[in-house]
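First up is the structure itself, then whatever we jot down about it.
The values are calculated or read from the model by the stated rules, or taken from the named source; none is laboratory data. Given the structure is predicted, the values throughout are model-derived calculations rather than measurements. Glycine also receives a Cβ, built like all others from the backbone with ideal geometry; neighbour counts cover every protein chain displayed. Just the protein is used for accessible areas: all its heavy atoms, side chains included, with ligands, DNA and RNA removed. Shrake-Rupley method; radii C 1.70, N 1.55, O 1.52, S 1.80 Å.
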Amino acid sequence: MRIERVTLRATVADHGKGPKDPLPQVAFAGRSNVGKSSLLNSLFGTRLAAVSKTPGKTRTLNYYLVDDCCYFVDLPGYGYARTGREQRQAWGKNVTTYLLEEDRLRLVVGLVDPRIPTSPLDVDLVEFVRRAGKRLLLVMTKTDRMGRGALAQATARLGRELTPGEQPFAFSAHTGAGRKEIIAAIAQALEA
Ligand SMILES: Nc1nc2c(ncn2[C@@H]2O[C@H](COP(=O)(O)OP(=O)(O)OP(=O)(O)O)[C@@H](O)[C@H]2O)c(=O)[nH]1
Ligand SMILES: [Mg+2]
């Protein structure tokens, strides 16, 4: 899979208002500030997705059409403490309904920061994806900030805690490490 032409097609709170065509979808989920938009920009080779130091930047479902073949969907991050309770509940509802109801969703790329302990929200996401019967690709972000030993430890820990029998992918938006492997895994899931 080569990613060449990418356009932002829809920005919605409710996935029912998203694109109507039957193209398959790949969603990017994880806690706020984990690096979802940065991963998307790296995959796209552009700066289409807004990145911010302030958590809670992406608050809508943003649908990017990739080479007329599929949509990559940037989901709002979870666990951002400073959004109000009502907003958090709205987040949960929008994202969980999307995960449970979207028939065109083929793969969820779940992002975790390997430097911090697994949060109950990460566990919830993984369980949700499983319950929804979707495939999950677990990706560790910001790995440029870790040494090799710490990264190996985090890989083993996260595999054990979240995806027994499978190892998470290691990625850095700063160095581009892991980009090729993630694109190949997405392509494989889309072909399956
Ligand atoms: N060192 C390092 N920093 C990163 C990396 N990826 C993202 N960041 C930084 O982490 C912060 C958050 O990145 P975003 O891509 O906006 O995160 P997000 O998950 O889209 O956040 P929300 O939209 O708020 O949910 C920014 O300051 C990025 O520059 C990475 O691979 N390495
Ligand atoms: Mg974002």
Quiz item: With r defined as the distance between the Cβ atoms of residue 50 and residue 103 and R0 fixed at 30 Å, what FRET efficiency is calculated, to the nearest 0.05?
Solution: 0.60
Exercise. Calculate the length of the line joining the C-alpha centroid of segment 1-27 to that of segment 132-192, in whole Å.
Key: 23 Å
Quiz item: Using all Cα-Cα distances in the chain, what percent lands in each 5 angstrom bin from 0 up to the longest?
Solution: 1, 8, 18, 22, 22, 17, 9, 3, 0, 0
Exercise. Among 107, 173, 187, flag the residue with its Cα farthest along the positive direction of the charge dipole of segment 41-192, charges on Cβ as +1 for Lys/Arg and -1 for Asp/Glu.
Key: 173
Quiz item: To the nearest 20 debye, what charge dipole does segment 6-191 have about its Cα centre, counting +1 at the Cβ of each Lys and Arg and -1 at the Cβ of each Asp and Glu?
Solution: 600 debye
Exercise. Show 127, 4 ordered by accessible area, largest first, where the area counts protein heavy atoms only and the probe is 1.4 Å.
Key: 4, 127
Quiz prompt | Where the chain is the region considered: accessible area per residue in Å², 1.4 Å probe | solution = 52 Å²
Quiz prompt | Helix-derived mean residue ellipticity, 222 nm - over the chain, DSSP H n ≥ 4, -39500 (n - 2.57), to 500 | solution = -11000 deg cm²/dmol
Practice problem: Choose one answer from 49, 177, 152: the residue with the largest mean-square fluctuation in a GNM of the chain with alpha-carbon springs under 10 Å. | Solution: 152
Practice problem: With the full set of protein chains in place, find how many percent of the accessible area of segment 6-191 is carbon and sulfur; take the probe as 1.4 Å. | Solution: 50 percent
Quiz item: Among 113, 21, 124, what's the order by accessible area (1.4 angstrom probe), most exposed first?
Solution: 124, 21, 113
Exercise. Could you point to the residue in 56, 96, 42 farthest towards the positive end of the chain's charge dipole, with +1 and -1 charges on the Cβ of Lys/Arg and Asp/Glu respectively?
Key: 56
Self-check item: Charge context of residue 145, other residues only, Cβ under 14 angstrom, K/R +1, D/E -1
Solution: +1
